[in-house]
Amino acid sequence: MKTNVFIIHGAYGHPGENWFPWLKSELEKIGCGVFVPKFPTPENQTLETWLKVFKSYEQHIDENSIVVGHSLGVPFLLNVLEKTGRPIKSAFFVSGFSSLPGNKFDEIMKTFVERKFGWKAIRKNCKKFYVFHSDNDPYVPLEKAEELAKNLGTEIILVKNAGHFNEKAGYTRFDLLLERIKNEL
């Protein structure tokens, strides 16, 4: 059965930035279906508007699906995983958080994290979690990744000097992430 992979960008993001186009291309080469939705940001960036956009992709989610979230894409996916009626195979979270990271973008991200997550339901709806974080992320402190990993029952994959895993930090490809996803296929 074909594996569908969903790549979710963050605040101020879009499908054509960072390592997303590269990862999409690499995964399609090995037969995956890859979806990289465009969400409204920063205008109209709320959990509600993002969930509306994602609604049209839900039909492609099944027990073989994999989700990849970057930055704000992580708490978005936590919200999806908590409420989905379709458990998935694995989740890859990059520079993620589950409570406000304490930066200048907090105000436009608060609807995604302004409540307690149902961690038991999230863990029930996804078999395996991977949390990637950098030791020098300028937007999301390491403590936020530690909190996320603890709640998911997994370890942090710490990458040295990766910043926010974005183009500014030199991330137009992400070989370690691709390798880990391939291990799940």
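Any read-out appearing in this document is the output of simple, stated calculations on the displayed coordinates, not a laboratory observation. As the structure is a prediction and not an experimental result, all values here were calculated from the model. With ideal geometry, Cβ positions are generated from the backbone for all residues, glycine too; neighbour counts draw on all protein chains shown.
Okay, helix-only estimate at 222 nm for the chain: each DSSP H run of n ≥ 4 adds -39500 (n - 2.57), divide by all residues, round to 500 deg cm²/dmol; what do you get? List each step's numbers first, then the result.
On the way: 7 runs with 65 residues, N = 185.
The helix contribution divided over the chain gives -10000 deg cm²/dmol.
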Taking the convex hull of the alpha carbon atoms in region 18-140, what volume per residue do you get, in Å³?
117
Ordered by fewest other Cβ atoms within 10 Å, a rough proxy for footprinting exposure, Glu179, Glu26 read Glu179, Glu26
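Can you sort Tyr171, Tyr57 by how many other beta carbons sit within 10 Å, fewest first? Intermediate values should be presented prior to the final figure.
Working: Tyr171 23, Tyr57 15.
Lowest count first: Tyr57, Tyr171.
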Taking 8 Å as the Cα distance limit and 6 or more residues as the minimum spacing, I'd like the relative contact order of region 48-171 as a percentage.
24
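Take the cross-link list Lys104/Lys182; Lys2/Lys104; Lys52/Lys127; Lys38/Lys182 and give me the ones stretching past 30 Å between alpha-carbons. Kindly include the intermediate steps, with their values, before the conclusion.
Numbers: Lys104/Lys182 35 Å; Lys2/Lys104 40 Å; Lys52/Lys127 25 Å; Lys38/Lys182 24 Å.
Too far apart for the 30 Å limit: Lys104/Lys182; Lys2/Lys104.
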A chain fully extended from Glu63 to Leu51 at 0.36 nm per residue, minus the present Cα-Cα distance, gains in nm 2.3 nm
Fewest to most Cβ atoms within 10 Å: Val140, Val74 sort as Val140, Val74
